[in-house]
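One structure is given below, encoded as structure tokens.
The values are calculated or read from the model by the stated rules, or taken from the named source; none is laboratory data. From a predicted model like this one, the values you see are computed outputs, not experimental measurements. Glycine gets a Cβ as well: all are built from the backbone with ideal geometry, and neighbour counts include every protein chain shown.
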Amino acid sequence: MSDYTPKPEHKFTFGLWTVGNIGRDPFGTPVRETKSPADLVRLLGEVGAYGVNFHDNDLIPIDATPAERDSILREFKAALAETGLVVPMATTNLFSDPAFKDGAFTANDPKVRAYALQKTMHAIDLGVELGAKIYVFWGGREGTETDAAKDPITAIKRTREAMNFLCEYVRDQKYDLKFALEAKPNEPRGDIYNATTGNMLAFITTLDHPEMVGVNPEVAHEHMAGLNFTHHVAQALEAGKLFHIDLNDQAFGRYDQDFRFGAVNLKSAFFLVKLLEDNGYAGNRHFDAHAYRTEDYEGVKDFARGCIRTYLILKEKAARFNADPEIQALLAEINADDGSLTPFTGGYTPEKANALKNYTFDRHPLGARGLKYERLDQLTVEVLLGVR
């Protein structure tokens with residue numbers, strides 16, 4: 001049996017809000033006691049995590065006194081030193097407090113928008129103090145239930161203004177920090193602005209410092225919209241904008257389930273892992289997921305270990321797929337090029353265009369050729385089932 005022990009180079013991380021989830025949902029009260037941030041760091045140390053991430057108020061309650069803040073921070077830093085865990089990413093909670101019921105950066109009330117900027121600057125300071133290099137923005141309340149309430153063009157402009165302001169703040173403070181924008185189509189708002197990773201990639205090009213800003217796509221958020229997550233991650237990778245990634249699982253079209261990675265769509269998880277590993281993704285592999293409400297904290301550890309183990313198993317399966325002679329022979333056949341069209345490849349020239357316009361294609365063999373995708377997909381399933 002292979003060794004699926006996590007190592008620091010795998011960069012597996014969890015948020016305090018993930019393993020710290022106490023099992024509350026809209027229909028039921030908590031089933032697990034609240035643990036301190038320091039205790040959650042120790043739990044993650046037990047399961048072999050590389051790092052821990054947090055929203056500002058996961059670590060420091062929004063109404064904490066200065067003395068309480070200092071005490072929590074001391075204990076948290078001591079737990080990091082004890083376990084060897086690092087803080088690669090931080091973010092701001094701009095969705096839980098009633099002040100943000102109409103959004104943060106897109107709220108109609110200018111006082112709310114200013115407060116959101118203030119809260120984020122303080123949270124950025126805290127994240128940088130603890131070593132974060134990536135800062136994630138998820139606009140959980142940046143949306144509407146009725147489009148009568150907000151002009152969407154105004155909302156886009158307000159979001160751009162906020163991101164430009166915060167980029168300048170980071171530059172002015174000389175922080176070594178990049179931003180990653182996280183998309184979601186709905187929930188907790190009826191509709192959330194910049195609903196997909198593609199929306200975010202387009203929005204980034206309009207910023208004053210687009211080089212500072214990338215994306216943090218999440219499996220569940222794209223699956224909620226019925227989209228192929230691997231394709232969205234590929235677009236971000238190809239653009240050089242995959243700054244961070246949230247791994248979990250989700251039944252297509254459901255509410256935000258945040259299941260253990262690979263718990264629902266195993267083939268989708270396989271192709272995602274293969275994409276990341278084949279393309280040398282060097283960032284953190286962050287599990288933004290939650291244990292079932294049925295679990296105690298031993299079950300939470302099982303959940304966290306399961307996320308890590310599934311990723312490493314799928315990484316091994318991806319290597320096996322790449323080394324399988326029959327699969328690779330099929331791929332070579334599918335992608336075969338006899339070189340006859342080489343004169344038309346590469347960039348445009350008038351000569352190439354004219355030559356291609358005058359080339360005679362026999363379209364009937366093109367349509368008649370079988371591509372053997374059924375066989376290829378079956379072999380993929382057999383790799384996943386462990387019979388190859």
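Among residues of the range 291-306 that are in the same structural domain as Thr34 (by TED's automatic domain parsing) and acidic (Asp, Glu), those with a Cβ under 7 angstrom from a residue that is at pLDDT 95 or above and not in a helix (DSSP H, G or I), sequence gap 6+ or separate chain, pair up as Asp296/Arg32. Can we say Thr294 is surrounded by fewer than 19 Cβ atoms within 10 Å (Cβ to Cβ) and among the β-branched types (Val, Ile, Thr)? Yes.
Within the range 119-133, restricting attention to residues that are among the charged types (D, E, K, R) and in a helix (DSSP H, G or I), the residue that is farthest from His221 (Cα to Cα) is Glu129. Phe303 fulfils the conditions (1) of a type outside the set (A, V, I, L, M); (2) touching a His at 6+ places or on another chain (Cβ under 9 Å); (3) under 17 Å from Thr230 (Cα atoms) except for a single criterion, (3).
Let's see how each residue does on (1) farther than 30 Å from Phe321 by Cβ; (2) surrounded by 10 or more Cβ atoms within 10 Å (Cβ to Cβ); (3) over 42 Å from the mean Cα position of the chain (by Cα):
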site: Pro343; (1), (2), (3): yes, yes, no
site: Gly346; (1), (2), (3): yes, no, no
site: Lys357; (1), (2), (3): yes, no, yes
site: Leu376; (1), (2), (3): no, yes, no
site: Leu379; (1), (2), (3): no, yes, no
site: Leu385; (1), (2), (3): no, yes, no
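I need the full set of residues from the range 117-175 which are within 14 Å of Ala107 (Cα to Cα) and among the acidic types (Asp, Glu), in order please. Those that are within 14 Å of Ala107 (Cα to Cα) and among the acidic types (Asp, Glu): Glu142, Glu145, Asp147, Asp151, Glu161. Of note, Ile22 satisfies the criterion of being closer than 23 Å to Gln257 by Cα, surrounded by fewer than 17 Cβ atoms within 10 Å (Cβ to Cβ) and of a type in the set (A, V, I, L, M).
Beta carbons closer than 6 Å, at least 6 apart along the sequence or on distinct chains, pair a first residue in the range 30-52 that is over 15 Å from Leu130 (Cβ atoms) with a second that is small (Gly, Ala, Ser) and assigned to a helix (DSSP H, G or I) for Arg42/Ala79; Val47/Ala304. Where strands (runs of 3 or more DSSP E) fall entirely within the range 134-229, those with at least 1 residues that are under 21 Å from Asp97 (Cβ atoms) and either in the same structural domain as Asp256 (by TED's automatic domain parsing) or not hydrophobic (A, V, I, L, M, F, W, C) (or both) are at 134-138, 178-182. Counting only helices (runs of 4 or more DSSP H) that fall entirely inside the range 285-358 and contain at least 1 residues that are on the phi < 0 side of the Ramachandran plot and aromatic (Phe, Trp, Tyr), the qualifying elements are 297-323. If you go through the range 94-118 and pick out every residue that is crowded, with 18+ Cβ neighbours inside 10 Å, among the polar types (S, T, N, Q) and free of Cβ contacts under 8 Å to residues at least 40 places away in the same chain, you end up with 0. In a residue-by-residue description of the range 67-85, the property of being in contact with a His (Cβ under 8 Å, 6 or more places away or on another chain) and free of Cβ contacts under 8 Å to residues at least 60 places away in the same chain applies to no position. Here the condition is being buried (at least 21 other Cβ atoms within 10 Å of the Cβ) and either of a type outside the set (Gly, Ala, Ser) or farther than 24 Å from Phe137 by Cα (or both); of Thr65, Thr34, Thr83, Thr91, it holds for Thr91 alone.
Give me the residue from the range 167-194 that is over 21 Å from the mean Cα position of the chain (by Cα) and within 19 Å of Thr206 (Cα to Cα) and, out of that set, surrounded by the most Cβ atoms within 10 Å (Cβ to Cβ). Ranking the qualifying residues of the range 167-194, first place goes to Val170.
Among the residues of the range 204-226, those identified as over 18 Å from Arg171 (Cα atoms) and among the charged types (D, E, K, R) are Glu218, Glu222.
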